[in-house]
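Report on the following structure.
The values are calculated or read from the model by the stated rules, or taken from the named source; none is laboratory data. The shown structure was predicted, so the numbers you read here are calculated from the model rather than taken from an experiment. No Cβ is skipped: glycine too gets one built from the backbone with ideal geometry, and neighbour counts run over all protein chains shown.
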Amino acid sequence: MTEKRLLRYNRLAHGLLSLAVVAGFLAALCVVAQAWLLSVVVNRVFILRQTLTDVLPFLFVLLPLAVLRALFVWSGDVLAQRAASRLKGSLRQDLTHHLFALGPAYTRGEHSGELVNAVVEGVEVLDEYFTAYQTARLLARLAPLLIFVVVLVLDPLTTLVLLFTGPLLVLLLALIGSSVKDIAQRRFQELSWMSAYFLDMLQGLATLKLFGRSREKIETIRAISTRYGSTTLEVLRTAFQTALVLEWGSTIATALVAVEIGLRLISGDIVFDRALAVLILTPEFFLPLRQLALKYHAGAAGRAAAERVFTILDTAPAPVGGTQPAQGRGYDHPRRAPVTRSDIRFERVSFAYDNGQRPALRDFSLHIPHGQKIALVGATGAGKTTVANLLLRFIEPNGGSITIAGIPLSEIDPATWRSQVAWVPQRPHLFYGTFADNLRLAKPQATQAEVVAAAKAAHAHEFIQHLARGYDTPIGEQGARLSGGQQQRLAIARAFLKDAPFLILDEATSHLDAESEGLIQDALDRLLRGRTALIIAHRLKLIYTADQVVVVQAGHAVQAGTHRSLLEQGGVYQQLVASYEGGGR
Ligand SMILES: Nc1ncnc2c1ncn2[C@@H]1O[C@H](COP(=O)(O)OP(=O)(O)OP(=O)(O)O)[C@@H](O)[C@H]1O
Ligand SMILES: [Mg+2]
């Protein structure tokens, strides 16, 4: 099943692989011709006592035949390699596309290290699977058949031996092979765990050191890699066993043929040149099977990896349901014209993470009129970021509807919509690259002057200009060398650069020093000016800026109004404000 799907996955790869097998088959044809010519020459020289000049024409053909055979073998290898590269390329591309379609809600729920392992190592394993295993497998079906037919013509009696021993060896291979599959699967799984665990450890290095847990983690990594090592040895052992059994089997079978032919030669039942040709051809009959045995573990490893890859590809993007129209794969949508007014409405929207297992929003309604700033406040885990995720279409609602200027959000092309939205996320992500690269993410064609202007507006210019290489200074992975406040200012600079009419601001919960706090507040005030905005606020100052405040509690909008009117109402809001003030914000 997986095997068929993999073979058909990329048509060009399949075509190239077929050509590689054809080349292998032609090489086998050359072998047959060589065997025949050789037996003729030996027969003429040793039995018929002919001279060199008599056999010279045959020798002349033998030489180019050998060259031709080498050429076929070589081109077979090249074609198989090309096929593998094609397949790997298209799989990686599709996986990337699909992960984009699945969105952050999916990737966050998975072990990143495990996903990386599937996409990088899992796809790489398919190289050997294609070049070594698949060509050997397909060739093992064709080449022996050709030799069998030739032997049948030369000496029908010998075919009886081949007919008996050939299938026996195939059966042996299948018997040993069944255990190879389980081991290969286990090995791939262990490698995935190791990657996931290692990445997790790297990301949490500071925390682990703080709690003095480094030693235990190192111990666990050691345990996993020991297990992986022993599984690898197990794979090697079975690979060796398979190869050995096949080697022995084919040697015994060849010896059987030799004895049978020898006896018949003595009794004069068979002529010399035929006997010799059959003797030369018999090992060639078993050769493809022996080669298949050698590559058998590559086949099992490839299948294990492919199963994981296909599981990711088969995960449907974003659960859809409720009153929203179903939407295929999530990336093709009819409406590509930008919406002119950012008048946003949530009508009784529900959403649950983990395939409906973890409810985050229920019957949530919200109206963001064009040009207004709406603040969402609520306890941690109330569902505020989920509202932003829905608006950005990282996830699709399970029920209810979201409309922009009366148009269902699901009918607007996601790329078009996102181009109109600037987003300052709760935890901004900075990529490995320079400051300029990271800012240009928001607008790739931005000039240096525009980048600097955005950084100035976000108060990021101050610290960037003090760096040795300014905007060309590399940022470590995930902004490792920056403080929380600096990261946030870069995220705000991105929003300035994007200059979109609608803004989603998911404020970070972390405490900042007074200076950062002031700078960020000033930058945000300017960013909010003249835009429609959804502000997820954790600080009072931002709440004061809002035209309306909506209180979220356990996925439900419980109160709405201006700061003043809500304070008068009392209830949840009053408690929240008290806690904000208590927290010094
Ligand atoms: N990717 C996810 N997978 C599974 N559950 C999630 C995911 N993201 C959030 N949740 C859950 O959904 C609920 C709402 O989370 P959400 O992030 O919207 O809260 P929030 O109001 O933004 O909280 P905070 O103020 O801490 O940022 C929480 O119970 C959370 O555990
Ligand atoms: Mg949040």
Taking the stated definitions as given, is residue 403 farther than 19 Å from residue 553 by Cα, assigned to a helix (DSSP H, G or I) and away from ligand 2 (no atom under 16 Å from the Cβ)? no
Could you figure out which of (1) modelled with pLDDT under 90; (2) in a helix (DSSP H, G or I) isn't true of residue 497? (1)
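Quick one: in the range 8-58, which of the residues that are of a type in the set (Ser, Thr, Tyr) and over 25 Å from residue 288 (Cβ atoms) is surrounded by the most Cβ atoms within 10 Å (Cβ to Cβ)?
Initial filter on the range 8-58 (of a type in the set (Ser, Thr, Tyr)): 9, 18, 39, 51, 53.
Then drop every residue that is not over 25 Å from residue 288 (Cβ atoms), which leaves 51, 53.
Details: 51: 9, 53: 7.
Selected residue: 51.
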Would you pick out the residues in the range 253-301 that are without any contact (Cβ under 8 Å) to a residue 24 or more places away in the chain, surrounded by fewer than 18 Cβ atoms within 10 Å (Cβ to Cβ) and under 50 Å from the mean Cα position of the chain (by Cα)? 255
Can you report the number of residues in the range 176-192 which are buried (at least 19 other Cβ atoms within 10 Å of the Cβ) and farther than 30 Å from residue 249 by Cβ? 2
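If a residue has to be under 19 Å from residue 167 (Cβ atoms) and among the hydrophobic types (A, V, I, L, M, F, W, C) to count, how many in the range 251-277 make the cut? Can you show your working first?
Within the range 251-277, the subset under 19 Å from residue 167 (Cβ atoms) is 251-257, 260.
Now restrict to residues that are among the hydrophobic types (A, V, I, L, M, F, W, C): 252-253, 255-257.
Summing the residues that are under 19 Å from residue 167 (Cβ atoms) and among the hydrophobic types (A, V, I, L, M, F, W, C) in the range 251-277 gives 5.
When the range 59-85 is examined, which residues are found to be under 17 Å from residue 305 (Cα atoms) and buried (at least 16 other Cβ atoms within 10 Å of the Cβ)? Spell out the reasoning first.
Kept after step one, since they are under 17 Å from residue 305 (Cα atoms), are these residues of the range 59-85: 84-85.
Scanning the range 59-85 gives a single hit, 84.
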Go through the residues of the range 422-430 one by one and say whether even a single one is more than 15 Å from ligand 1 (Cβ to nearest atom) and more than 22 Å from residue 520 (Cβ to Cβ). no
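Among the residues of the range 488-511, count how many are more than 16 Å from ligand 1 (Cβ to nearest atom) and farther than 16 Å from residue 376 by Cα. Working first, answer last.
At the first step, the residues of the range 488-511 found to be more than 16 Å from ligand 1 (Cβ to nearest atom) are 489-490, 492-503.
This time we only want the ones that are farther than 16 Å from residue 376 by Cα, so: 489-490, 492-501.
Qualifying residue count, the range 488-511: 12.
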From the list 475, 492, 404, pick out the single residue that is surrounded by 16 or more Cβ atoms within 10 Å (Cβ to Cβ) and under 23 Å from residue 101 (Cβ atoms). 404
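Which members of the range 361-392 meet the condition of being in a strand (DSSP E or B) and away from ligand 2 (no atom under 13 Å from the Cβ)? Even if it seems obvious, please write down each step before you answer.
Let us first name the residues in the range 361-392 that are in a strand (DSSP E or B), namely 361-368, 373-378.
Of everything in the range 361-392, those that are in a strand (DSSP E or B) and away from ligand 2 (no atom under 13 Å from the Cβ) turn out to be 362, 363, 364, 365, 366, 367, 368, 373, 374, 375.
Okay, residues lined up against (1) surrounded by fewer than 13 Cβ atoms within 10 Å (Cβ to Cβ); (2) more than 34 Å from the chain's Cα centre (by Cα); (3) of a type outside the set (Lys, Arg); (4) in a helix (DSSP H, G or I):
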site	(1), (2), (3), (4)
416	no, no, yes, yes
423	no, no, yes, no
429	yes, no, yes, no
436	no, no, yes, yes
442	no, no, yes, no
446	no, no, yes, no
453	no, yes, yes, yes
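Which helices (runs of 4 or more DSSP H) does the range 514-585 wholly contain that include 3 or more residues that are under 22 Å from residue 365 (Cβ atoms) and either hydrophobic (A, V, I, L, M, F, W, C) or within 16 Å of ligand 1 (Cβ to nearest atom) (or both)?
On the way: elements: 514-528, 540-545, 563-569, 572-582.
Result: 572-582.
Would you list the helices (runs of 4 or more DSSP H) that sit entirely within the range 73-166 and hold 3 or more residues that are within 26 Å of the chain's Cα centre (by Cα) and touching a residue at least 60 places away in the same chain (Cβ under 8 Å)?
Working: elements: 112-117, 123-128, 135-154.
Of the helices (runs of 4 or more DSSP H) lying wholly inside the range 73-166, those with at least 3 residues that are within 26 Å of the chain's Cα centre (by Cα) and touching a residue at least 60 places away in the same chain (Cβ under 8 Å) span 112-117, 123-128.
Residue 256 - would you say it is modelled with pLDDT of 90 or more and assigned to a helix (DSSP H, G or I)?
Working: modelled with pLDDT of 90 or more: yes; assigned to a helix (DSSP H, G or I): yes.
The answer is yes for residue 256.
Pick from the range 503-513 the residues that are in a loop (DSSP other than H, G, I, E, B) and not charged (D, E, K, R): which of them is nearest to the chain's Cα centre (by Cα)? Please lay out each step first, then the result.
As a first pass, look at the range 503-513 and keep what is in a loop (DSSP other than H, G, I, E, B): 507-513.
Checking which are not charged (D, E, K, R) leaves us with 508-512.
Values: 508: 30, 509: 32, 510: 33, 511: 36, 512: 37 Å.
Of everything passing the filter in the range 503-513, 508 is nearest to the chain's Cα centre (by Cα).
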Please determine whether any residue of the range 315-333 is buried (at least 16 other Cβ atoms within 10 Å of the Cβ), assigned to a loop (DSSP other than H, G, I, E, B), away from ligand 2 (no atom under 16 Å from the Cβ) and at pLDDT 80 or above. no
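Give the residue, chosen from 91, 142, 102, 95, that is under 28 Å from residue 289 (Cβ atoms) and in the same structural domain as residue 192 (by TED's automatic domain parsing). Please lay out each step first, then the result.
Numbers: 91 fails: under 28 Å from residue 289 (Cβ atoms); 102 fails: under 28 Å from residue 289 (Cβ atoms); 95 fails: under 28 Å from residue 289 (Cβ atoms).
Among 91, 142, 102, 95, only 142 is under 28 Å from residue 289 (Cβ atoms) and in the same structural domain as residue 192 (by TED's automatic domain parsing).
Being over 26 Å from residue 181 (Cβ atoms), surrounded by fewer than 19 Cβ atoms within 10 Å (Cβ to Cβ) and at pLDDT below 90 narrows it down to one of 100, 164, 148, so name that one. Before the answer, list the steps.
On the way: 164 fails: at pLDDT below 90; 148 fails: at pLDDT below 90.
Unique residue meeting the criteria: 100.
Name the residue that is modelled with the lowest pLDDT, counting only residues in the range 344-358 that are surrounded by 15 or more Cβ atoms within 10 Å (Cβ to Cβ) and within 16 Å of ligand 2 (Cβ to nearest atom). Explain how you work it out, then say what you get.
Here is the first cut: in the range 344-358, the ones surrounded by 15 or more Cβ atoms within 10 Å (Cβ to Cβ) are 344-353.
Going one step further and asking which of them are within 16 Å of ligand 2 (Cβ to nearest atom), we end up with 351, 353.
Details: 351: 94, 353: 87.
Checking each candidate, the answer is 353.
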Which one of these is within 32 Å of the chain's Cα centre (by Cα) and over 27 Å from residue 305 (Cβ atoms): 191, 208, 202? 208
Determine which single condition residue 504 fails, assuming it passes every other condition in (1) of a type in the set (Val, Ile, Thr); (2) farther than 24 Å from residue 538 by Cα; (3) within 16 Å of ligand 2 (Cβ to nearest atom). (2)
Cβ-Cβ under 9 Å, sequence separation 6+ or interchain: first residue in the range 356-381 and in the same structural domain as residue 400 (by TED's automatic domain parsing) and on the phi > 0 side of the Ramachandran plot, partner more than 16 Å from ligand 2 (Cβ to nearest atom) and of a type in the set (Val, Ile, Thr). Which pairs? 363/349; 371/532; 378/558; 378/572
